Amino acid sequence: MLLCIILRLFSRRFAWVVILALVQPLSTTAQEVMWRYTVRPGDNLINLGKTHLVNPDTWREVQRINQIKNPYRIPVGTVLRVPLTLVKQSAATAEVIFVSGKAFIQQSLGQETPVDAGQKLAAGTQLSTRDKSKVVIRFADGTTATMDSNSILVLDSLSLYSGGVMVDTKLRLQQGQVETHANPRQTDGNRTQIITPTAIAAVRGTEFRVMASQTATTQETLDGQVAFSASEQTVNVDKGYGSLAELGKPPLAPVALLEAANTSAMQTSFEVLPVYFSLPPLSGAVTWEGKVSGEVSFNQIVAESTSNGREIGFGDLPDGQYYLKIHAKDQYGIAGYDATHPFIVRARPIAPNLTLPVSNSVVRVSQPELIWQPVTDTQRYVVQLSKEIDFKHIVETQQTDKTTIKLNHSLEAGQYYWRVASVSQNQEGPFTNVSQFTYKPAPPIPDISQLKVKVMQNRVYVDTLASPVGLTYEVHLDNDQNHQKDVWVGKGLPAQFNFLLKEYGKQTLYIHYLDSDDVLGPSAVYEFYAYPQ
């Protein structure tokens, strides 16, 4: 009997030991997320349990984890580790604080509704943006997430612990870019995660960017530090560094972000559209991204563009003051720091496209016709012609409601520059880019007053005046007796030349000057007779 009692006691004690062995590892595993609570004056574990824990009696678990001897006396400033599974939890909401462009909330059955500023968002909400759009969302701890154009973001989980002593925010970026300023008040325990198809970026308080596609994620830390995880590996990305996580691969070792571009040499005023900026040299730059806004805050995006060349362009911008925000991306697609560049557009009314003469061409008439394309809503045009590219001295100015003029004065040989401005409602717009042409008169009629022809042994010898500088002779021979044209043709001839005579009888020479552009002037005519010898 005594043996049975002992065995029962032993079996009960053994079972209790086994239970402890099973429970203890689960509650202290390194994988469990902890809330870190800093003890204040008057705090004790019993009050902590009543205020913050789902089950007030689980204060004993907190005591065990933190090895507190006296639950009623805890030194002020002690940081207690409390498993989140024990802490009271409630759903949080987010708020849209800014919208520009086109942004939508995805509803059931594929329907979309526009996003409005001030709108409250619950966990599970999916938002999307279109071109030239921006949405700023504020979360329970003051964290803000700014969605760029063509992005899709799901508010995966929004949680408050014990009425807000800790906030846990999980966002799922399916495509596009989000820039996040997390936990600005630096509250202990708050955390933010951005989950993409290939990686997770987790922070407790920092400023960073994440850009995602289905095959790769790039992350850039602008302040603080980001834990960047993919394929069960994590790298800590400090301020000024970025990383890349491709599908199925661990994160790239952090690389330094490219510097902000030096925009001091970029153009600041434009009178002709589209707007093009020459890109500054920047070591490591592979591609460039730029946005244009009328505000230095870039709340309203007017235009967006990318480039992998030497310039970046933007289209039909209205007249006004603008700001360009631009950054370069390296070989991994990691974006560097932004640079902001102010500029002005004064391009209205729009200048026309010049048609004829084609730029850098040669004209042969002394009063050429200038032609351009029409511009909508333009009442007239102002045309200027100058011999200087800076138009300090105007040769001729005309106004017309047509799209062509003929110059009033004959030109002297040389280079000329012309431009046209549109006038609408008595407002003159900027001039076109300057177009250049060269007036080069056609060669004159040769002077044959001293020309001599001698026929000897069936060969014709011609002696005439030397041609002017830059000109040579071109001569055509017709045999009138046999009605034959161009019996002989000579090009690039000097003042003395000869040729073999093929027919006898009356001969006619057509003598031209030929210039260096192979332009033929009018002919002088000389007739002579050739007889058998």
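The values are calculated or read from the model by the stated rules, or taken from the named source; none is laboratory data. Predicted model only: the values in this text are computed from it and were never measured. Quick reminder, even Gly has a Cβ in these numbers, built from the backbone with ideal geometry, and neighbours come from all protein chains shown. Protein only, heavy atoms only, side chains kept; ligands, DNA and RNA dropped before computing areas. Shrake-Rupley method; radii C 1.70, N 1.55, O 1.52, S 1.80 Å.
Tell me, yes or no, whether the stretch 462-477 has at least one residue that is aromatic (Phe, Trp, Tyr), touching a Leu at 6+ places or on another chain (Cβ under 8 Å) and more than 26 Å from residue 439 (Cα to Cα).
No, the stretch 462-477 contains no residue that is aromatic (Phe, Trp, Tyr), touching a Leu at 6+ places or on another chain (Cβ under 8 Å) and more than 26 Å from residue 439 (Cα to Cα).
Of all residue pairs spaced 6 or more apart or on separate chains, those with beta-carbon atoms under 7 Å, a first member in the stretch 351-374 that is without any contact (Cβ under 8 Å) to a residue 60 or more places away in the chain and a second member that is of a type in the set (Phe, Trp, Tyr) and surrounded by 19 or more Cβ atoms within 10 Å (Cβ to Cβ) are 355/372; 370/418. The residue list 440, 392 contains one member that is open to solvent by less than 80 Å² (accessible area, probe 1.4 Å), within 53 Å of the chain's Cα centre (by Cα) and over 23 Å from residue 501 (Cα atoms), which is 440. Restricting the stretch 183-197 to residues that are open to solvent by 20 Å² or more (accessible area, probe 1.4 Å), outside any strand (DSSP E or B) and among the polar types (S, T, N, Q) leaves a set whose member that is nearest to residue 90 (Cα to Cα) is 187. As for the stretch 425-432, it holds no residue that is crowded, with 18+ Cβ neighbours inside 10 Å and out of contact with any Lys or Arg (no Cβ under 9 Å at 6 or more places or on another chain). Taking each residue of the stretch 308-328 that is in a loop (DSSP other than H, G, I, E, B) and at pLDDT below 95 and looking for partners that are open to solvent by 40 Å² or more (accessible area, probe 1.4 Å) and among the charged types (D, E, K, R) with beta-carbon atoms closer than 8 Å, six or more apart or interchain, yields 318/348; 319/346; 319/348.
A quick yes/no check of all residues on (1) open to solvent by 20 Å² or more (accessible area, probe 1.4 Å); (2) free of Cβ contacts under 8 Å to residues at least 24 places away in the same chain; (3) not in a strand (DSSP E or B):
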{"position": "96", "(1), (2), (3)": "no, no, no"}
{"position": "132", "(1), (2), (3)": "yes, no, yes"}
{"position": "135", "(1), (2), (3)": "no, no, no"}
{"position": "142", "(1), (2), (3)": "no, no, yes"}
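Across the stretch 236-250, the number of residues qualifying as open to solvent by less than 20 Å² (accessible area, probe 1.4 Å) and of a type outside the set (A, V, I, L, M, F, W, C) comes to 3. Does residue 277 qualify as being in a loop (DSSP other than H, G, I, E, B) and of a type in the set (A, V, I, L, M, F, W, C)? So residue 277 does not fit the description; no.
Scanning the stretch 459-488 for residues that are open to solvent by 60 Å² or more (accessible area, probe 1.4 Å) and either touching a Lys or Arg at 6+ places or on another chain (Cβ under 9 Å) or hydroxyl-bearing (Ser, Thr, Tyr) (or both) returns 461, 463, 481, 484. Evaluated against (1) under 27 Å from residue 442 (Cβ atoms); (2) open to solvent by 50 Å² or more (accessible area, probe 1.4 Å), residue 371 falls short on exactly one condition, (2). Selection of strands (runs of 3 or more DSSP E) fully inside the stretch 344-453 by the criterion of at least 3 residues being among the polar types (S, T, N, Q) returns 394-400, 414-424, 435-439.
Among the residues making up the stretch 144-182, a single one is open to solvent by 30 Å² or more (accessible area, probe 1.4 Å), within 22 Å of residue 108 (Cα to Cα) and among the aliphatic types (A, V, I, L, M): 152.
Report every pair of residues separated by at least 6 positions or lying on different chains whose Cβ atoms are under 9 Å apart, first residue within the stretch 46-60 and surrounded by 13 or more Cβ atoms within 10 Å (Cβ to Cβ), second of a type in the set (Ser, Thr, Tyr) and part of a loop (DSSP other than H, G, I, E, B). Listed pairs, sorted by first residue: 46/72; 51/162; 52/162; 53/162. Candidates are the residues of the stretch 509-533 that are modelled with pLDDT under 95, open to solvent by less than 40 Å² (accessible area, probe 1.4 Å) and not hydrophobic (A, V, I, L, M, F, W, C); the one that is farthest from residue 443 (Cα to Cα) is 515.
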